[in-house]
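*Asks:* The structure that follows is given in the form of structure tokens.
The values are calculated or read from the model by the stated rules, or taken from the named source; none is laboratory data. A quick note: this is a predicted structure, and the numbers were derived from the prediction, not measured. Neighbour counts are summed over all protein chains in view; Cβ atoms, including those assigned to glycine, are modelled from backbone coordinates with ideal geometry. With ligands, DNA and RNA removed, areas are computed over all heavy atoms of the protein, side chains included. Shrake-Rupley method; radii C 1.70, N 1.55, O 1.52, S 1.80 Å.
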Amino acid sequence: QVQLVESGGGLVQPGGSLRLSCAASGSIFSINAMGWYRQAPGKQREWVAVFSKTGGTNYADSVKGRFTISGDNAKNTVYLQMNSLKPDDTAVYYCYATRIGSTYWGQGTQVTVSS
């Protein structure tokens, strides 16, 4: 099993920044990637970004150039730096981790972009 704990959400004005963190524990040796999804009210869950164990990254078009995902192997943590935030970025952000045959989820953290 893998446990994921997110932190860093909150309320920010349009154009502002937030950094989300996701700390993994448990059977982390077999994780091959970690990333983020988000779900806005009334909408389907949307993939945001991924960080692979080899250091590769990929982003949804909607956040490319504004969000940066990174990882700290020593802390078993991934980060999502979110800049130039827009009201459309308002959502619950969920961290996930994958290994062969399984996907694990965090509990979610709320991000609200509003003036």
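*Asks:* Rounded to the nearest 5, what % of the DSSP beta bridges within the stretch 1-113 are antiparallel ones?
*Replies:* Working: 41 of 44 bridges.
The antiparallel proportion sits near 95 percent.
*Asks:* Using Cα pairs under 8 angstrom and six or more residues apart, how large is the relative contact order of the chain, in percent? Before the final figure, lay out the partial values.
*Replies:* On the way: 281 pairs, mean separation 42.6, N = 115.
So the answer I get is 37 percent.
*Asks:* Averaged per residue, what accessible surface does the stretch 52-103 expose to a 1.4 Å probe, in Å²?
*Replies:* On the way: 2730 Å² over 52 residues.
Accessible surface, normalised per residue, equals 52 Å².
*Asks:* Sequence neighbours fewer than 8 away in the same chain don't count; with that in mind, list the aspartates and glutamates whose C-alpha is under 16 Å from K75.
*Replies:* Answer for K75, where 16 Å is the Cα cut-off: E6, listed by chain and number.
*Asks:* In a shell of Cβ-Cβ distance under 15 Å around S17, excluding S17 itself, what net charge do Lys and Arg (+1) and Asp and Glu (-1) give?
*Replies:* Working: positive: R19, R66, K86; negative: D89.
It works out to a net charge of +2.
*Asks:* Okay, moving on. Check the straight Cα-Cα distances from K43 and name the lysines below 27 Å, setting aside those fewer than 8 residues away within the same chain.
*Replies:* By straight Cα distance, K43 reaches K64, K86.
*Asks:* How high is the relative contact order of the stretch 34-76, in percent, counting Cα pairs under 8 Å that sit 6 or more residues apart? Show your work: numbers first, answer last.
*Replies:* On the way: 45 pairs, mean separation 12.7, N = 43.
Here the relative contact order equals 30 percent.
*Asks:* Continuing with the same structure: If you average the C-alpha positions of the stretch 1-22 and of the stretch 43-115 separately, how far apart do those two centres end up, in angstrom?
*Replies:* What the calculation gives is 9 Å, centre to centre.
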